[in-house]
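The values are calculated or read from the model by the stated rules, or taken from the named source; none is laboratory data. Keep in mind it's a predicted model, so treat the numbers as computed, not measured. Cβ atoms come from the backbone with ideal geometry, glycine included; neighbour counts cover every protein chain shown. SASA here: full protein model, heavy atoms, side chains in, ligands and nucleic acids out. Shrake-Rupley method; radii C 1.70, N 1.55, O 1.52, S 1.80 Å.
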Amino acid sequence: MVLPVVLLASPRSFCAGVERAVEIVEHLLDQRGGPIHVRKQIVHNTHVVAGLEARGAVFVDELDAVPDGATVVFSAHGVSPAVREEAQRRGLDVVDATCPLVTKVHAEARRFAKRGDTVVLIGHAGHEEVEGTLGEAPDRTVLVESADDVARLEVADPDRVSYLTQTTLAVDETADVVAALKARFPNIKGPASDDICYATTNRQDALREVARDADLVLVVGSANSSNSVRLVELARRNGVPAHLVDDASDIRPEWLEGVRTVGLTAGASAPPRLVDEVVEELGARDVQVRETARETIQFTLPGAVRPR
Ligand code: SF4
């Protein structure tokens, strides 16, 4: 078998919001010891979750599994106001790891709803971020997943409509949905700057660059990671076979038959070390980094965990 060349997409792997969320739980474990309860997976990655669990984090689906008065961390995907109110009612000590870029979308949802608009949220039903954003103005917000959904929309006043998006969508697909919305509601208003975040956009741009020259694309990430799944779909839309792998052990030998060049990336919630392990498993004869952007964004930690 010919050992493949690996084209490594850059940027890839952890984004600033994921780094911050993971650090928050790590700091809490260091400062207060376990158990530290976390509502939902802190980020959508099985390795990150297992690593924190081993150190004393306890992941729960809902707040009723958190003892009264205990510390609870809200995940990077954000929560609805109803969850915040419940935590307050229960006297829980909340440390919020919501990514600031998700918080921005929540603020827009509140602002748009307050001015009397129907808010159209473009996103995937059931995703935790979408659940949280919908909860900001549940009576005024409708969810659409595709341009077909737009055709079926019914709104109170077609001149008072705004849209928002989930932060981790495919840029090209979302543009089609926004175009459909603009065609149907010419006076629709959008966010001042894109809701699809810089990390999602950068990883998709970088992947496009490596997919162009690859026979196969591998994306390191977990199945419930929205931005990782979008990367696999994007590669396939660009005509390249692509697979999502949680780690190197998921790689199947038959995927590599006749493959000379592998494009490799990782979703924003996948740790960098997993990418290194995939490179090693592939036995690459050459590794070439294709950089399309350099990320310098960092988010400050909340006061509750900031080292003094
Ligand atoms: Fe924040 Fe984007 Fe990272 Fe999600 S993918 S945590 S929105 S920076």
In the stretch 187-285, the trypsin sites (Lys or Arg not before Pro) that fall in loop regions by DSSP, at most 14 other Cβ within 10 Å: R212, R260, R285
Apportionment of accessible area to carbon and sulfur, the chain, percent (1.4 Å): 48 percent
Where Rh is the Kirkwood radius over Cα pairs, Rg/Rh for the stretch 182-283: 1.08
In Hz, Karplus ³J(HN,Hα) per residue of the stretch 121-132 (6.51, -1.76, 1.60; θ = phi - 60°; x = Gly, Pro): 9, 8, x, 9, 4, x, 5, 4, 4, 5, 4, x
Karplus 3J(HN,Hα) series, Hz, for the stretch 174-190 with 6.51 cos²θ - 1.76 cosθ + 1.60 (x for Gly, Pro): 5, 4, 5, 5, 5, 4, 5, 5, 5, 5, 7, 10, x, 9, 4, 10, x
For the stretch 68-173, fraction of C-alpha pairs farther apart than 22 Å, in %: 34 percent
Value of Rg to Rh for the stretch 1-159 (Rh from inverse mean 1/r over Cα pairs, i.e. Kirkwood): 1.07
Whole-angstrom gap from the stretch 50-105 to the stretch 167-214, using each part's C-alpha centre: 29 Å
Candidates T46, T296, T200, ranked by Gaussian network fluctuation over the chain, Cα under 10 Å, top entry: T296
Given 16 as the ceiling on other Cβ atoms within 10 Å, longest exposed-site-free region of the chain for GluC sites (Glu not before Pro) in DSSP loops: 155-256
Karplus-derived HN-Hα couplings along the stretch 234-251 (A = 6.51, B = -1.76, C = 1.60, θ = phi - 60°), whole Hz, x at Gly and Pro: 5, 4, 5, 5, 8, x, 10, x, 9, 9, 8, 10, 6, 6, 4, 5, 7, 6
Residues with amide H under 5 Å from that of F59, placed H, sequence gap 5 or more: V38
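Using the Kirkwood formula over every pair of different C-alpha atoms, what hydrodynamic radius in Å results for the chain? Display every interim value, and only then the final one.
Working: mean 1/r = 0.0488 Å⁻¹.
Over the chain, the inverse of the mean reciprocal pair distance is 20.5 Å.
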Accessible area expressed per residue, the stretch 162-231, with surrounding protein chains retained (probe 1.4 Å, Å²): 35 Å²
